[in-house]
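Heads up: the structure comes next, in structure tokens.
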Amino acid sequence: MNKAEHIKLIYSGKYALPLDTATKKSYKILVYRSTVKRGLIENISLPEVEENYSIISSKDLKGKNFLKIDGNKIPILANKKVNYIGEPILLLVGPNISKLKAIHKKIEITYKIDIDQEVSDEIFFSKTIKIGDTLEAFTTPYKTLSGSIKTPKSVIESKYLLGSFTKREADSYNIYSSSIWEYPLRDNIANICGVESDKIKIVTPTTTGEDEYPLLDSYSAAAFTTISSSIIKKNVFYIPTPEDQYLYSNKLYGLEANWQIVFDSEDTVLGIKLDIKINCGAYPIFVKEKVLRVLHGVTSYYKHRNIEVTVTGYKSNLPPAGLSKDIYLADALFVAELLISKIIKESKKDQYLYRNENLIKKGYRNSTGSVIKRELPLDIMLKNVVEQSDFLRKNSSINLSLLRKEKRIHYSAKRGVGISVGYNGNGFISNEKNISAHSVVVELERNGMVELKVSCRINNLDLLTVWEDILVETLGIERENIKIFTEDLTMIMDSGPNIDNKNVTILTPLIKQCADEIKVRRFKDPLPIRQFKVTRKKSSNVWNYENWKGEPFKNSSYAACAVEVEIDKRSLSCIIKEIWIQLEVGLILNKQALLNSVSREINQTINWLQNSEPKERDGEFSTHYFYNKPLVKSNPIINISIYETGKNKNIPRGVGSLIRNTLPGAYIQGVNQAIGSNINTFPINKEMIYKELIKDDI
């Protein structure tokens, strides 16, 4: 399917909806949103509307007026108070979207606006960890460096339906949604509409694995359509307008890290202090998870003698921050790599040797105090990509040319190379209610059919094929005799949001175990044979985030990366010429699926590094597909290699967000080397490149 066809399907309302549904006959929704950042609603003036059109406010709800996510209540429709521009206040429902827009223009709302609309001192969650003695290190430093590192806002774009369709059948509701966490969605909708949970059925699309996570957006959309359907007794369809989608959908607002590094007289690092702020928007969504992942990411894989890190998730007057696949781990690893680069530059060390010497290895203690018992292959993998990319020769050559500034004017393009390492952790580390527990049921029926039920939504066709392969190979059955169910929520436990590669890492081994046991039992026990497996809590090295002890992740995968970039002085453009990436992902169940996943990840990561803005046409936003041309125009050469290590190669751990967690650090290092700059953020735009170039009068 090409992009034009994809767009047509989405905006025709036919994508991810039942084939027998004629959406032209369904009622539509237009959301009336707050126009102030913070204040009280004093008065709402509504126009008269014709038959078949309705205006729904919080007072019309039959149940609760909030979504409960991660233990926090988020209003569906603002009642008396608004906390950000774009907060939903009213739902306009009717068969014709043009008439709904006309009604929208006639609505008048007056607010009592807070004097201070910008500042909020409320902290959702904050944690500090200390390694060594930073107090003594900062007492008598010989030299101190300080600065700020920022990561950009990131729009969470869904490649499947971002809205929702509710089909009403008697007193039951079928909700077609792109939700990644159906359990609380079903219960939330039931509480909002005042019906029993068994009256709600959630239907989600199966895609080819485009891993984007519009958690709150999908919840809100499902709530809008089902609230409207329950009130007007019609099928209701909702997709946000392009403007709503860009301005008010869940985003990641990046983080800001203020840092200090102190050195002795020999340029040896004495201590590091980091104060990291995460903008979480107006309402908290998995804030604790974000804070803990950032803490772990900046401290876990490089040795630091004395380091103190404080991470704070705070409230702001922006739409609630979303939930990305890496949960801010990519931002944290970017900060870690940039700090290492600054230390290397200031102490005049070698980029590769310093990194290699300071990577934590087997037998060392990590930031949680746990002794690393498994082989950590990061040093070997970094060595491999350095050799594959010819990094040492290129790095020396570029550094030599930088010393000869008088000759640099003869070149129209300047190159830089960078290296970095990263990891991907599977499972939730702020888990207080065991939402990371997973279960699998495999049942061999009397007619030879095999039913598989898992406790997560599956959004990856490649993974479904892998699971079918396991059952076919182990039980010797035909592929057409396999049924995979992921919608019967009464049979399985709540495994939390389907995020961060949990399906590959956790569910796949459970399915293999079930199949192996059925294979043994099938000739001993009568049919049907039902086998049930569930993840078990660890008995040793148990993770405790409060005292920062234990092993936080169920499994981790690793990557090392080298990037070569080119800065064109005439066009002021930054081009990625070539990427070398080595992955340690355990057992590879499907090599083509792995390559597909890596390709998607690289494209998504480059888009994140570019962070292009949408165009406005006649004062309105076009769809999110019509973004401005990105700054990085190249189609880089991509070199992918796999590293296998010991017994861990028999455990599948998947790619997850490995590329996003690794590529940015190497990219910025290459850019800084190419133009002799000290850039601490991305995207890299033409103005930034120009300012750096004119410093040397080039």
task = Could you tell me whether the stretch 345-356 includes any residue that is among the charged types (D, E, K, R), under 21 Å from K549 (Cα atoms) and part of a loop (DSSP other than H, G, I, E, B)?
result = no
query = Looking at the stretch 1-34, which of its residues are part of a loop (DSSP other than H, G, I, E, B) and either at pLDDT 90 or above or among the basic types (K, R) (or both)?
reply = K14, S34
task = Looking for whichever is surrounded by 15 or more Cβ atoms within 10 Å (Cβ to Cβ), within 32 Å of the chain's Cα centre (by Cα) and closer than 22 Å to K288 by Cα here; the options are N65, N72. Which one fits?
result = N72
key: From the options N541, N596, N555, residue that is surrounded by fewer than 19 Cβ atoms within 10 Å (Cβ to Cβ), within 26 Å of the chain's Cα centre (by Cα) and not hydroxyl-bearing (S, T, Y)   = N596
ask   = Out of (1) assigned to a loop (DSSP other than H, G, I, E, B); (2) surrounded by fewer than 24 Cβ atoms within 10 Å (Cβ to Cβ); (3) not aromatic (F, W, Y), what's the single condition that is false for S324?
value = (2)
message = Of everything in the stretch 218-261, what is acidic (D, E) and within 19 Å of K28 (Cα to Cα)? Give them in sequence order.
response = E243, D244
key: Selection status of I55, farther than 22 Å from I202 by Cα, among the hydrophobic types (A, V, I, L, M, F, W, C), surrounded by fewer than 19 Cβ atoms within 10 Å (Cβ to Cβ) and modelled with pLDDT of 90 or more   = no
inquiry  = It is to be established whether one or more residues within the stretch 307-316 are surrounded by fewer than 24 Cβ atoms within 10 Å (Cβ to Cβ) and in a loop (DSSP other than H, G, I, E, B).
reply    = yes
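Go through the stretch 288-318 and give me each residue that's β-branched (V, I, T) and over 14 Å from N661 (Cα atoms).
Within the stretch 288-318, V291, T299, I307, V309, T310, V311, T312 meet the criteria.
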ask   = more than 19 Å from K127 (Cα to Cα), in contact (Cβ under 8 Å) with a residue 24 or more places away in the chain and surrounded by fewer than 24 Cβ atoms within 10 Å (Cβ to Cβ), is that true of K233?
value = yes
key: Single match in L527, L595 (criterion: in a loop (DSSP other than H, G, I, E, B), over 30 Å from K691 (Cα atoms), of a type in the set (A, V, I, L, M) and in contact (Cβ under 8 Å) with a residue 24 or more places away in the chain)   = L527
ask   = Counting only residues that are β-branched (V, I, T) and in a helix (DSSP H, G or I), which one in the stretch 673-698 is modelled with the lowest pLDDT?
value = I694
note = Considering the stretch 372-402, residues that are among the hydrophobic types (A, V, I, L, M, F, W, C) and under 29 Å from the mean Cα position of the chain (by Cα), and then whichever is modelled with the lowest pLDDT, we arrive at I372
task = Please determine, by comparing only the residues of the stretch 282-306 that are of a type in the set (D, E, K, R) and surrounded by fewer than 23 Cβ atoms within 10 Å (Cβ to Cβ), which one is nearest to L252 (Cα to Cα).
result = K288
inquiry  = If I filter the stretch 618-672 down to residues being modelled with pLDDT under 50 and outside any loop (DSSP other than H, G, I, E, B), which single residue comes out as nearest to the chain's Cα centre (by Cα)?
reply    = Y627
Residue identified as at pLDDT 85 or above and either assigned by TED's automatic domain parsing to the domain that holds I575 or in contact with a strand residue (DSSP E or B) (Cβ under 8 Å, 6 or more places away or on another chain) (or both) among E478, E445 = E445
task = Could you tell me whether V504 is within 26 Å of K325 (Cβ to Cβ) and at pLDDT 70 or above?
result = no
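Scan the stretch 253-291 residue by residue and report those that are without any contact (Cβ under 8 Å) to a residue 40 or more places away in the chain and in a strand (DSSP E or B).
Across the stretch 253-291, the qualifying residues are D275, K277.
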task = Working only within the stretch 567-592, note down all residues that are surrounded by fewer than 20 Cβ atoms within 10 Å (Cβ to Cβ), part of a strand (DSSP E or B) and touching a helix residue (DSSP H, G or I) at 6+ places or on another chain (Cβ under 8 Å).
result = S573, E578
task = State which residue is modelled with the highest pLDDT when the search covers only the stretch 605-617 and only residues that are farther than 15 Å from Y253 by Cα and touching a helix residue (DSSP H, G or I) at 6+ places or on another chain (Cβ under 7 Å).
result = T605
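The values are calculated or read from the model by the stated rules, or taken from the named source; none is laboratory data. Note that this is a predicted model, so its numbers are computed, not measured. Backbone-built Cβ (ideal geometry, glycine too); neighbour counts: all protein chains shown.
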